[in-house]
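Let me begin by presenting the structure, written as C-alpha cells, before commenting on it.
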Amino acid sequence: GDIVHPILTWTDPEIIPGTRRIPKYPRSARKGGVAARLVLFVVIDEEGSVTSVQVGKLQRLSVAACAEGRLEDEKTDIPVGIQRDLAEAAAHALLKWRYTPALRNGKPTKIFRAELMEFCPRSAPSP
C-alpha cells in the first residue's frame, strides 16, 4: 500500500507590538561599569504569555564599544551580585512580554525559545 506521511505545520510566536518591555539598567551594573549580553531561555504558554525565564549565558561587553553602538566582548568576569541584578532585570521585563501563540498544526502550543538581551549604558558610568 501507499505510505502516507503526516504533514506538520508550525508557526513561531511573534512579539505583540507594544508589549516588549525594556529592562531597567541595574544601578549596580552602571556603578560597576558593566555592559552585558544575556541569552535567556523562556517558556511561552499556549496563550502567548512568558511563564518561565532562565539565564543561559551571560557575557561581559566593552562599555566603551556599547556607548558607540558596537558590541565587543570583554574578557573579564562580571561580579556575582551584578550578574544576579542583570538576570533579575531581564526576567522582570521578559515576564511582561506577550506573543502570538506558537501553533502546531493550527493549535496553540507551549514553546521553549531563546531571547537575546543586551545591557549597554548610553554613556560611560560616572565615577
TODO: Give the residues of the range 15-35 that are of a type in the set (A, V, I, L, M, F, W, C) and touching an Asp or Glu at 6+ places or on another chain (Cβ under 7 Å), sorted by residue number.
DONE: ALA29
Open item on the list: Residue under question is GLU72, and the condition is that it be at pLDDT 90 or above and charged (D, E, K, R); does it hold?
Closed with: no
Task: Residue match in the range 40-47 (condition: under 15 Å from PHE119 (Cβ atoms) and surrounded by 13 or more Cβ atoms within 10 Å (Cβ to Cβ)) - done: yes
- [ ] State whether one or more residues within the range 67-84 are open to solvent by 80 Å² or more (accessible area, probe 1.4 Å), touching a residue at least 60 places away in the same chain (Cβ under 8 Å) and under 17 Å from the mean Cα position of the chain (by Cα).
- [x] no
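Residue-wise test of (1) over 12 Å from the mean Cα position of the chain (by Cα); (2) exposed (fewer than 12 other Cβ atoms within 10 Å of the Cβ); (3) at pLDDT below 95; (4) within 19 Å of ILE16 (Cβ to Cβ).
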| residue | (1), (2), (3), (4) |
| --- | --- |
| LEU95 | no, no, no, yes |
| TYR99 | yes, no, no, yes |
| LEU116 | no, yes, yes, yes |
| ARG122 | yes, yes, yes, no |
| PRO127 | yes, yes, yes, no |
Open item on the list: Quick check on the range 53-66. Is at least one of its residues surrounded by 14 or more Cβ atoms within 10 Å (Cβ to Cβ), under 15 Å from TYR99 (Cα atoms) and at pLDDT 90 or above?
Closed with: yes
Open item on the list: Condition (residue is surrounded by 14 or more Cβ atoms within 10 Å (Cβ to Cβ) and more than 16 Å from LEU116 (Cβ to Cβ)) applied to the range 11-20: is it met by at least one residue?
Closed with: yes
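The values are calculated or read from the model by the stated rules, or taken from the named source; none is laboratory data. Here the structure is a predicted model, which is why all the values come from computation and not from measurement. Virtual Cβ from ideal backbone geometry, glycine too; neighbours counted across all protein chains shown. Ligands, DNA and RNA are stripped out before the accessible areas are found, and what is left, the full protein with its side chains, is counted by its heavy atoms. Shrake-Rupley method; radii C 1.70, N 1.55, O 1.52, S 1.80 Å.
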